[in-house]
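Throughout, read-outs are computed from the coordinates displayed, never taken from laboratory work. Only a predicted model underlies this, so the values are computations on that prediction, with no experimental measurement involved. All Cβ positions, even for glycine, are placed from backbone atoms using ideal geometry, and neighbour counts span all protein chains on display.
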Amino acid sequence: MKKVKSLYKINSRFQISNFKFRASILKMLLFFIFMYFLTDFNCLHSQQNLQEIEVKAGDTLWGVATHYLKEPSRWPEILNFNDISADPNNVLPGMKLKIPIVLIKEQLRSSTVTSIIREVKVRRQVEINWAEAKQNMKLYNKDCVRTLENSYAGIKSPLGNSMTIGPSSLVIIQPEEKTDETRLLSGEIRATNIPIRTPTAFVMPRITPKTPISDYKTKVKEDQSTIVAVYKGAVDVTAKNKTVTVPEGYSTEVKINLPPIEPRQLPPSMELLDEKQRINKEGKLDMEKPKIGKLNKPNIENINEINIGGELSKSKSASEWLDITHYHIQIAKDKDFNDIVFDSVRPIYEKFDIKKTEVTDGRYFWRVSYLDASGAEGIISSYKEILVDKTPPTLTIEEPIDNGRYVDKNVRVSGTTEPDGRVNINGNYVTVDRYGKFSAEVSLIKGENIIKVSSNDKLGNTTTISLKVIQTPVGIRQQVKKSFFLTPVGIVISIITISALLVISLVTVTG
C-alpha cells in the first residue's frame, strides 16, 4: 500500500512538472509570436515613404493637415512621425514635418532629383521657362524634366521607387493615387516599379510576392514607336486593347497604331558572349564563340585598348539573340558611373578606338551593352578598368643635322628618348640605355637620304622624326656661301672703314 501511495505521489509530481513545462513552452511561444508581429509592425512603420514639408509662418498642425492631407481628420497620424505637441492649433513656423505619402493629396506629392549628370533642365507646371535642375530638388505633379545630349537625371518617386532619365529625353512627372505614373514623350527611362506612359503604349510593372521588383527600360524612338526591355521581374505592355506580358530577359516593340509584338529575347551581356558556349537548334554543342567583342583585362599589353566592335560573326547555329546591330559603350571616372566622360552608341562593325575620342589621360572604368535591330538594349556588362595614356614619348635627335651634307657613306644617328621606349631607325630597332640614350650607324647612298626615327612607349604611343641627309662624293667639298666682306665690294668697304677708324684715332690722340 505504501508503494502504491509513493508511486501515486511521484506520478502526480511528474504530471504537475510536465504541466508547468508545457505552460512555460507555451508562454515562450506566445512571446516569440508577439515579438515577431511587433517587429514586423515596426518594420512596416519605419519603411513607410515619408515626404518632408516645411511649415510656413502662421501655419498650425490643423492648417497643414487641411492643405496637404486628403483626409484632414487623420492629422493625429502625423504625430507618429514627428516629435510635436498633440494640439492641432499649435503654431509650427519653420518646422519640417514628415508626413506619410499615402496621406498626402496626389497633386502635392513630390518626387526628388537624386542625381544629375551634365545638363538637366526642369520646368514647373505653371512656368514657361526652363531652369537648371538641382540636387534634391522637389518635383510635383506635371512638372517636366528634360535631359540634353549625354546627360542623365536620377529621380526618386513619391512611393520610393527610382528611375534614371536617359540622354535627350523629355518626361512629365505624374504621381497618381496608387502608382507613380510617369509620361515619357521622348528619349528613354530606366525605371524600377514605376508605370510609364508613352505616345504609343502603357507599361505597367507586374508586382507579385515572388517578383516584388521589376527593372526595365522604356524608349521612345524618333518615329514614336516604343521599345520596352525587361532586366528583372516582368511588365505588362498595353496598346490598342492588347496586353503583352514581357518577362525578364525579353523585349517588345509597339509601333504607332499597332498592338505590341510578341516578346523576343534581349541581346546577351558581353560576359555571356565571351564566356559561355552556345547550343544550336539541334541540341548540339557549338564550341565556336560569336566574334562580337572580348573583355580583356587591362594589363600593360592592352592599356589604351577596349576591344569592342569591328567584328560580327554569326555561325549557322546562332540563336535569335545574336541579331546585334549596335553597341553602347560608357566610360566613367568612377565605378558607379556617376561621372561619365564618354557615352556613345555605335554600329557593331565600327571598331572602337579610345585614342580617337576626347577622353584625356587617366584611370577610368568602362562597360558595354549590345542593341538589336529594334533598338532594344541588352544587359550591360560589369565594369572594367582601363588606363588611358595618349601622351607620346619624348624624342630628341642630336645627330645628324637635318638637311646636312656628309662626305662619308655612313652617318651616326644618336639621340635621347624615354628610358622604357623602343627606338626604330629606318625599320631597325636599336638599343636604348637606362638614361634613354641611343646611337646607331646608318648607311647612306649618293644624294638625298631620308632617315626616319620612331620611339614607341609601352602604351602604344609613338613619336616620329624624319631627317633629310645629303651624301656628297669623296673629294668634293661642301659648298660654303661666301661672306659679303670677301667680295670686291666688301673688301673696298672694309678698307675705307678701317682707314676712317685710324684717322679718328690719330685725331683723338693729337688733340
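Distance between the C-alpha centres of the range 203-223 and the range 133-149: 21 Å, rounded to the whole angstrom.
Legend: distances between Cα atoms for 355/437; 70/232; 437/458; 335/356; 156/217; pairs beyond 25 Å are 355/437; 70/232. Amide H contacts for residue 341 (H built 1.01 Å from N in the peptide plane; partners 5 or more residues away or on another chain; cut-off under 5 Å): 331, 332, 333.
Close amide H contacts of residue 306 (hydrogens built in the peptide plane, cut-off under 5 Å, sequence separation of 5 or more or a different chain): 354.
Backbone geometry of the range 246-262 corresponds, through the Karplus equation with coefficients 6.51, -1.76 and 1.60 at θ = phi - 60°, to 3J(HN,Hα) couplings of 9, x, 4, x, 10, 9, 9, 10, 10, 8, 4, 6, 10, x, x, 7, 5 Hz, x marking Gly and Pro. Applying 1/(1 + (r/R0)^6) with R0 = 56 Å to the Cβ-Cβ distance of residue 134 and residue 398 gives a FRET efficiency near 0.45.
For the pair residue 325 and residue 458 in one chain, pulling the backbone fully straight at 0.36 nm per residue adds 44.5 nm over the alpha carbon distance. Between residue 57 and residue 74, full extension at 0.36 nm per residue minus the direct alpha carbon distance yields a gain of 3.9 nm. Among 101, 62, 75, whose Cα sits farthest toward the positive end of the charge dipole of the range 44-113 (+1 at Cβ of Lys/Arg, -1 at Cβ of Asp/Glu, about the Cα centre)? The residue sitting farthest along the positive end of the dipole is 101. For the listed peptides 348-357, 421-430, 60-69, 492-501, a ranking on the average number of other beta carbons within 10 Å per residue, highest first, reads 60-69, 421-430, 348-357, 492-501.
Along the range 425-438 the Karplus relation, 6.51 cos²θ - 1.76 cosθ + 1.60 evaluated at θ = phi - 60°, assigns HN-Hα couplings of 10, 6, x, 10, 7, 10, 6, 10, 7, 5, 9, x, 8, 8 Hz to successive residues, with x for each Gly and Pro. Computed from backbone phi with θ = phi - 60° and the Karplus coefficients 6.51, -1.76 and 1.60, the 3J(HN,Hα) list for the range 337-348 is 6, 8, 10, 7, 9, 8, 8, 8, 10, 9, x, 5 Hz; x is used for glycine and proline. Placing dummy labels 7 Å off each Cα toward the beta-carbon, the span from residue 202 to residue 357 is 4.0 nm.
Give the calculated FRET efficiency between residue 262 and residue 384 to the nearest 0.05, with a Förster radius of 30 Å applied to their Cβ-Cβ distance. Approximately 0.30, to the nearest 0.05. With a threshold of 24 Å on the Cα-Cα distance, the over-threshold entries among 56/105; 105/142; 255/351 are 255/351. Put simply, the amide H of residue 232, placed in the peptide plane, has neighbours under 5 Å in 215, 249, leaving out anything fewer than 5 places away on its chain. Between residue 149 and residue 439, residue separation times 0.36 nm minus the direct Cα-Cα distance comes to 99.2 nm.
Loop-resident trypsin sites (Lys or Arg not before Pro) (DSSP state other than H, G, I, E or B) in the range 105-203 with no more than 11 further Cβ atoms inside 10 Å of their Cβ: 134, 178.
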